[in-house]
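See below for the structure under consideration.
The values are calculated or read from the model by the stated rules, or taken from the named source; none is laboratory data. Since the structure is predicted, the reported quantities are computational estimates derived from the model, not experimental observations. Cβ sites come from the backbone with ideal geometry, for glycine too, and all protein chains shown count toward neighbours. These area figures cover heavy atoms from the full protein model, side chains too; ligands, DNA and RNA do not enter into them. Shrake-Rupley method; radii C 1.70, N 1.55, O 1.52, S 1.80 Å.
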Amino acid sequence: MEAMDESVRIIYVDLDHTLVRVDLLRERLLLGILRNPTVFFKAFYWLFQGGRVRLKSEMARRSQLDAAHLPFNEELLALLKRKREAGLSLVLATAAPLAWARSVSDHLALFDRVLATDETNGNLKGQRKLAMILADAGGRPFAYAGDAAADRPIFEAAQLPIVVGGRAGLAGKRAGQAVVIPPRPGGAPGWWRSLRPHQWSKNVLVFAPAIAAHRIDKLWPNGLLAFGAFCLVASAFYLLNDAFDIDLDRRHPDKRLRSQASGALCPSHALLLAGFLLLAAAGTALHLPLKYNLILLCYGIANVLYSATVKNVVVMDLITLAFLYSLRIFAGGAACRVYVSTWLFAFIFFLALSLAHLKRYTELTQRLKKGIGSAARPTYTVEDMSLLMMVGLTSGLISVLVLALYVTAPQTVSIYKSPALLFIVCVFLFYWIERIWFWASRERIAGDPVVFIVTDHISYLVAIASLAVVWVASVY
């Protein structure tokens, strides 16, 4: 590409899936529907009234574009900057609405002018875009950067076709002269990373009622089926939550790398995958008691409410996170037909409440460390850090107190031969909670505490030692 034909002094650049890694109209329309379902019906009305031009203009008017945080194609952008410095003229030519195109152009300050969809130009795609480009070029040879089959007529008319993220064959009869910018290489596929498989560790709580009741035999097969169904549902709602949070995530230095925010996974594909996971979970749950299915449904509804509104309500978001943790033990009890004691619920709830506060605390720590604005998580500010630590640590210590009171309860004697040994577990838990909060205060925990826990060998040692003590207390 650096040896481009010197007769080419102008480059026309497409926007969707070319300069940026997403389809702006599809993404904005989907997010608009998620946030306001009436947009779904309005979109059909706009299409009927004025076709795609009306639809695009209405969406552009209702959805402001944050151009500064869009997932740009870095390789193409670097190339365009070099060509700009070499004196070439750059034109943004896109079927996206004119308002969005101008927003991107103003942010990048690279383009001499913008050709985009509006009431005058119509829907600037395919042959209509080609006619506009030919008129603008005035007979001069030009290069065109695009990505879609609809761009083939433009590729064939260009002196130099630049195929972004596809194969040279898209350029048709100009394929031999085409320059190809390959798709961005990556590790795990975007869809797999979006499922958050490390978060499935939370779902081991469904085994807690059977283990606490000393009914390990109940874990097969119902316990494992319950665990699998919860993993499927949890992953489905992670996909949904990432779609809701796509704009916030793009402003965050770490979360901008999430699959949907970075453009590695289209939100519409993510929602289709979420639907498939929910259907798979429903099929799995059919083999389990009705009570389990109702709890799973409650978990799903609570997740929708959390993603839509509750996560933006101070304190209620923390209580809801703890509630979602606690629902897992009730689901496990229902699946295995084991009674869930008040002791177990109180213990898990306050422990989960501590972890919920820890999650918000570490988010604020990262915001303070990296200079992230309040837009990255508007619910809490750095001034709340001391309160979050105080309440979070207190909640964790309450869970230790609940466990200590359980050890001294009369019913414990009927389950354990040496219940006093369980005080050792209280010490282990106290150490673990204090340690994890100390680590957080020293900025040793970056991001989600669950990621830290599942990669922390001390947490595994504490868990294994605690289980060993419980076994000894029940046998000897």
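Listed by first and then second residue, the pairs with beta-carbon distance under 6 Å, at least 6 apart or on different chains, first residue in the stretch 349-372 and open to solvent by 30 Å² or more (accessible area, probe 1.4 Å), second among the β-branched types (Val, Ile, Thr), are 350/398; 368/382. All of 259, 307 fail the test of being touching a Ser or Thr at 6+ places or on another chain (Cβ under 9 Å) and polar (S, T, N, Q), apart from 259. Residue count for the stretch 252-270, restricted to those that are more than 17 Å from residue 35 (Cβ to Cβ) and either open to solvent by 10 Å² or more (accessible area, probe 1.4 Å) or not in a helix (DSSP H, G or I) (or both): 13. If you take the residues of the stretch 435-458 that are without any contact (Cβ under 8 Å) to a residue 40 or more places away in the chain and within 14 Å of residue 355 (Cα to Cα), which of them is surrounded by the fewest Cβ atoms within 10 Å (Cβ to Cβ)? Among them, the one singled out is 438. For first residues located in the stretch 87-99 and closer than 20 Å to residue 64 by Cα, partners that are hydroxyl-bearing (Ser, Thr, Tyr) and surrounded by fewer than 21 Cβ atoms within 10 Å (Cβ to Cβ) and lie 6+ apart or on another chain with Cβ distances below 7 Å form the pairs 97/57. Just one of the numbered conditions (1) open to solvent by less than 40 Å² (accessible area, probe 1.4 Å); (2) within 30 Å of the chain's Cα centre (by Cα) is not true of residue 51: (2).
In the set 398, 424, 415, only one residue is more than 28 Å from residue 197 (Cα to Cα) and not in a helix (DSSP H, G or I); that residue is 415. Scanning the stretch 121-138 for residues that are over 21 Å from residue 166 (Cβ atoms), part of a loop (DSSP other than H, G, I, E, B) and at pLDDT 90 or above returns 123, 138. For the stretch 316-325, the condition holds for no residue, the condition being that it is among the aliphatic types (A, V, I, L, M), open to solvent by 20 Å² or more (accessible area, probe 1.4 Å) and part of a loop (DSSP other than H, G, I, E, B).
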